[in-house]
1. Once R0 is set to 25 Å, what does the formula 1/(1 + (r/R0)^6) return for the Cβ-Cβ distance between residue 45 and residue 72, expressed as a FRET efficiency to the nearest 0.05?
2. Classify segment 96-165 as rounded, prolate or oblate from the Cα gyration tensor: take a ≥ b ≥ c as the square roots of its eigenvalues, call it rounded if a/c is under 1.5, otherwise prolate when a/b beats b/c and oblate if not.
3. Mind checking the dipole of segment 1-83: about its Cα centre, +1 per Lys or Arg Cβ, -1 per Asp or Glu Cβ, Debye to the nearest 20?
4. Quick check: residue separation of residue 109 and residue 53 times 0.36 nm, minus the Cα distance between them. What number comes out in nm?
5. Specify whether the C-alpha gyration tensor of segment 1-157 places it in the rounded, prolate or oblate class, a ≥ b ≥ c being the square roots of the eigenvalues: rounded for a/c under 1.5, otherwise prolate if a/b is larger than b/c and oblate if not.
6. So for 263, 317, what's the accessible-area order with a 1.4 Å probe, most first?
7. Rounded to the nearest 10 Å², what accessible area does residue 64 show when all protein chains are kept and the probe is 1.4 Å?
8. Can you give me the solvent accessible area of residue 92 with a 1.4 Å probe, rounded to the nearest 10 Å²?
Amino acid sequence: MACGGARAKFYACSCFYNKNIFVSTYGVHVSFRNEKTFRTEYGPLLKSRGCLTEESFQQVISQIKAEIERRRSLGSTFLQRQKLISESYNPLHPEVYSLQRNFLATEFLQLVDFCNSREASRHGLLQRVTCLAPKQTYKFPIFTKEFCRQFLDELNNFECSGLPKGRPNSMNQHGISIAELGCDASLISPLRDTFLRPITRLLYPDLGGDALDSHKAFVVHYGPAADQDLAYHFDNAEITLNVCLGEEFEGGELYFGGMQQEMDNETEFQAVAHHLTFGILHCGQHRHGALPLSAGERWNLIVWLRASCIRNLCCPMCASKPELVETPGFGEGFSFVQKDISQHIHLQCLRSRFMEELNDKRWRIYMHGHTHGEGQAVGACGTIPENRNQDRNLPINKYSNGIKL
Ligand SMILES: O=C(O)CCC(=O)C(=O)O
Ligand SMILES: [Fe+2]
């Protein structure tokens, strides 16, 4: 059951312009109102992380002001770049810009068929995907190898084009925005609506899995001339899809910790190896990062899937009722709805979750107790040994409380 339909207009929350700003040098996320308040609120913390002189403090202030300016002008610079790219970029493989069924792995199409069938149930789906860790993290093939190769060729071609590129998000320095490239509506929207939504409807009913109505899609790029790793963070998404497009690489595993709302036990992380063509679906609020790449290059397609009926109730970034600000495109996926209507919608989502669990229970009774719970079928995951973090110079503490926008 859908809760909330597609909406033409999306908004950002005002917190986008002054909160959750990542200061990479000291690995902290901060809020900023003015320098005086900032000094009082964050001076001691920054000092404890090595920001010892007035000069380095002023560098932090400049970095924050530049990031706020980048966010304020994001809408207009995005539109300018998108126009320039559509007018002057010659795609190498124009055919990869519009989704076709033959881009998708047979196993993925079978999963979608199952989810659309009369037998569809969460329990049945859990038996058909690899469950990684207990926190609603799943892995299954998405694309064919052929599509990944062609799409990567296209991305490399664009990368070499010399055209301007916006940073894909506030933490990755390298990568490509799918909307700027020009295939958001023709490639990602149908992937979301026709193929992912039947799956997320069953796996994430409580996160608006049946009500995904916007997304932010981008490609991250790790390698010698690109990013090396990614700090621990959670996403500005209800659900995240992360697909490995290639190429050959070593290291760079994703690792998962606790949920944003939980206190993190900072030594217990699960590393998940990624494989070409496979997608990992996880809750946006599930904290994660990427270990350093040791060889090769890694390109992953990231889709932050959003459900306005969920985020309208509470902004996942500031954990308050969102204060809406108009922006071009999908904004940050909030929509304008009357409070009482959105609460009604939320109740419908909860009800749909309840029905799923009821169905699961019935199914379990039918199966005479032969169940495979989410936590039981563990795929390619394990615990990162403590010394590995030290070996790889991964200062996990530095990254606590990360947030990605
Ligand atoms: O490097 C990766 O695969 C993770 C990317 C990620 O977590 C993100 O972009 O939100
Ligand atoms: Fe992420």
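The values are calculated or read from the model by the stated rules, or taken from the named source; none is laboratory data. What you see is a predicted model; the values in this text were computed from it and never measured. Glycine gets a Cβ as well: all are built from the backbone with ideal geometry, and neighbour counts include every protein chain shown. SASA here: full protein model, heavy atoms, side chains in, ligands and nucleic acids out. Shrake-Rupley method; radii C 1.70, N 1.55, O 1.52, S 1.80 Å.
1. Values: r = 25 Å, r/R0 = 1.01.
The computed FRET efficiency comes out at 0.50.
2. Working: a/c = 3.35, a/b = 2.06, b/c = 1.63.
Judged from the Cα gyration tensor, segment 96-165 comes out prolate (a/c at least 1.5, a/b above b/c).
3. 440
4. On the way: separation 56, 0.36 × 56 = 20.16 nm, distance 5.73 nm.
Going from the current span to full extension adds 14.4 nm.
5. Values: a/c = 2.34, a/b = 1.69, b/c = 1.39.
Cα axes put segment 1-157 in the prolate bin.
6. Values: 263 180, 317 20 Å².
Final ranking, largest accessible area leading: 263, 317.
7. Counting only protein heavy atoms, residue 64 exposes about 0 Å² to solvent.
8. Its accessible surface works out to 90 Å², give or take rounding.
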